[in-house]
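Trainee: My questions will all concern the structure given below.
Just so you know, all these numbers are worked out from the coordinates, no wet-lab data involved. The shown structure was predicted, so the numbers you read here are calculated from the model rather than taken from an experiment. We place every Cβ from the backbone using ideal geometry, glycine too, and count neighbours over all the protein chains shown.
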Amino acid sequence: MKRYIYLVILLGLMLLLNSCLTEPSYPPVEPWLCIINADGTGFRKIKKVDLNFGTTGFWDIYTTKDNRIIFYGEKLWISETDTIRPVSITDNIYTLQQQPARLSQSPDGSKLYFASKDKNIHELDLNTMVSRQLTSESVRTLRNPIVSDLGNFITYTSHGYGPPSRFTEFLSWMDLRSGDIGYIPTIDSICVNAFYSESEDFVYYEGVNVKRSRLDGGELSLVSTGGSMYPYSTFGVSSDNRYIIHVWDEYPTLDLKCHDKQTGNSVRFPIKASLDHGYIAKICKDANIVFYAEPGYPDKLKAYNLDTRIDFSLLKENGSLALFTVYSIAPTWDGTKLYFYADVSDR
């Protein structure tokens, strides 16, 4: 009897070993900085994101007008895109804020605006690499600076506790030419993601829904329903001032909403979000194209043309490549290419 038991066990071990030998092996999933054309061609892994990458970690990525790439972490690093060799450009500036990891750029691409953990807003000239502190706050935390369409103003929020002893987030503006600063009166105690259109002389922002008003709070009106009560770097306005993209965050729904101010029409898409990297979607600086990550396993990289209303999948899974988790994306200003940081596997 024992002999038969031993034979059965031996046969089972042989079958198990045989299945292990014949099972196809796949390369491991690894984090890479990659690039792909907007039409879905030209996918390429550029550099593996590991301890030798050249930064101390980053939460988001951006492209510059001259097609360099910036890594936003506790510091800012910049690199050419053909060979990734990050160079720190904020060594003399306080540690940057993570929530949100907003890097705003002037229309001509010469200046960067960002918030640091010292509670203040900074400007960095990319031509001279000279920085200056724009604000002098010591109590509330200033964050999420957004440059205006003509580049003469920034808007930002003031985050913290204030009268009447509750959490608030106020909106402020600054004239970069004169240094003048002012508050934007609102009916909501929490307002985020303000963008000032100089050409229209209206400021657009999120509170309860997306609203617009003058800088003095006058002529208040509703623009788009839905929204988020948290600042994030996805909120944006197209370069022609026609479209607004923002998040529709009403549990359990989390969508990217693209709103046409001219027609009043909107479309929504599922959008991916993470605690470290925020909402993964961006509008191009000089093209009416929105790139975003659709959640799933694997995630999907997609592009939506705001003018043609065509939604396009950039990278489809095939026999040799699998895209798993997308962490951050950075479209070029003209919308022809997309850089992205993701877990990928070559089969």
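Trainee: Under a GNM of the chain (C-alpha, springs under 10 Å), which listed residue has the highest mean-square fluctuation: Asp149, Asp180, Asp249?
Mentor: Checking each option, the largest mean-square fluctuation is seen for Asp180.
Trainee: Oh, and also: Can you list the lysines whose alpha carbon sits under 17 Å from that of Lys261, skipping same-chain ones fewer than 8 residues off?
Mentor: In chain and number order, the partners are Lys211.
Trainee: Moving on. Using only the alpha carbons of the chain, what is the convex hull's orientation-averaged projected area in square nanometres? Display every interim value, and only then the final one.
Mentor: Numbers: hull surface 93.2 nm².
If you wrap the Cα atoms of the chain in a convex hull and average its projections, you get 23.3 nm².
Trainee: If R₀ is 45 angstrom, what is the calculated FRET efficiency for the pair Thr308 and Ser136, using the beta carbon separation as r and rounding to 0.05? Before the final figure, lay out the partial values.
Mentor: On the way: r = 46 Å, r/R0 = 1.03.
With a Förster radius of 45 Å, E is 0.45.
Trainee: Further, regarding this structure: For the range 59-104, state what percent of all Cα-Cα pairs lands in each successive 10 Å bin, counting from 0 Å until the bin that includes the largest distance.
Mentor: Per 10 Å bin, starting at 0, the Cα pair percentages come out as 29, 56, 16.
Trainee: Listing Thr225, Thr253, Thr135, Thr63 from the residue with the fewest other Cβ atoms within 10 Å to the one with the most, what is the order?
Mentor: In increasing order of surrounding Cβ atoms, one gets Thr253, Thr225, Thr135, Thr63.
Trainee: Still on this model: Could you work out the local net charge near Ile184, counting Lys and Arg as +1, Asp and Glu as -1, over the other residues with Cβ closer than 10 Å to its Cβ?
Mentor: Net charge around Ile184: 0.
Trainee: Going highest first, how would you order 276-283, 50-57 by mean Cβ packing within 10 Å?
Mentor: Most protected by this proxy first, the peptides run 276-283, 50-57.
Trainee: Taking the Cα atoms of the range 125-179 alone, what are Rg (to one decimal) and Dmax (as a whole number) in Å?
Mentor: Calculated on Cα positions, Rg and Dmax stand at 13.4, 44 Å.
Trainee: Springs between alpha-carbon pairs under 10 angstrom, Gaussian network model over the chain: which of Leu134, Leu142, Leu124 fluctuates most?
Mentor: Result for the chain, Cα springs under 10 Å: Leu134 fluctuates most.
Trainee: Cut-off is 10 Å between beta-carbons; in what order do Met229, Met174 appear when sorted fewest neighbours first?
Mentor: Listing Met229, Met174 from fewest to most nearby Cβ atoms yields Met229, Met174.
Trainee: Based only on other Cβ atoms within 10 Å, what is the fewest-to-most ordering of Val237, Val87?
Mentor: Ranking Val237, Val87 by Cβ neighbours within 10 Å, fewest first, gives Val87, Val237.
Trainee: With a sphere of radius 13 Å drawn around the Cβ of Phe202, what net charge do the other residues whose Cβ falls strictly inside it have (Lys, Arg +1; Asp, Glu -1)?
Mentor: -2
Trainee: Given the DSSP H assignment, sum -39500 (n - 2.57) over each helix run of at least 4 residues in the chain and divide by its residue total; what's the result at 222 nm in deg cm²/dmol, nearest 500?
Mentor: Details: 1 runs with 21 residues, N = 347.
After summing the helix terms and dividing by residue count, I get -2000 deg cm²/dmol.
Trainee: Moving to a separate point now. Tell me, in nm to one decimal, what length is gained between Met129 and Asp50 on full extension, where the rule is 0.36 nm per residue of separation less the Cα-Cα distance? Walk me through the numbers on the way to the answer.
Mentor: Values: separation 79, 0.36 × 79 = 28.44 nm, distance 2.70 nm.
Length gained, Met129 through Asp50: 25.7 nm.
Trainee: State, as an integer percentage, the relative contact order of the chain based on alpha-carbon contacts under 8 Å between residues 6 or more apart. Display every interim value, and only then the final one.
Mentor: Values: 826 pairs, mean separation 48.0, N = 347.
Worked out over the chain, it gives 14 percent.
Trainee: Cut-off under 27 Å on the C-alpha distance; same-chain residues fewer than 8 positions from Lys75 excluded. Which lysines are left, in chain and number order?
Mentor: Hits, sequence-local ones excluded: Lys45, Lys47, Lys48, Lys65, Lys111, Lys117, Lys119, Lys272, Lys282, Lys285, Lys337.
Trainee: So how tilted is helix 2-22 from the main axis of the chain? Cα-based, degrees 0 to 90, rounded to 10.
Mentor: In the chain, helix 2-22 runs at an angle near 50 degrees to the longest axis.
Trainee: Continuing with this model, one more query. How big is the dipole moment of the chain about its Cα centre under a simple scheme where the beta carbon of each Lys and Arg is +1, that of each Asp and Glu is -1, and everything else is neutral? Debye, nearest 20, please.
Mentor: Charge dipole, the chain, about its Cα centre: 1020 debye, nearest 20.
Trainee: When Lys and Arg each count +1 and Asp and Glu each count -1, what net charge do the other residues less than 13 Å away from Thr56, Cβ to Cβ, add up to?
Mentor: Numbers: positive: Lys75; negative: Asp50, Glu74, Asp91.
After counting each charged neighbour, the total is -2.
Trainee: Test of understanding: what is the full-extension gain from Ser88 to Asn152, defined as 0.36 nm times their sequence separation minus their Cα-Cα distance?
Mentor: 20.4 nm
Trainee: Using a Förster distance of 22 Å, how high is the FRET efficiency between Tyr161 and Lys117, based on the Cβ-Cβ distance and rounded to 0.05?
Mentor: 0.80
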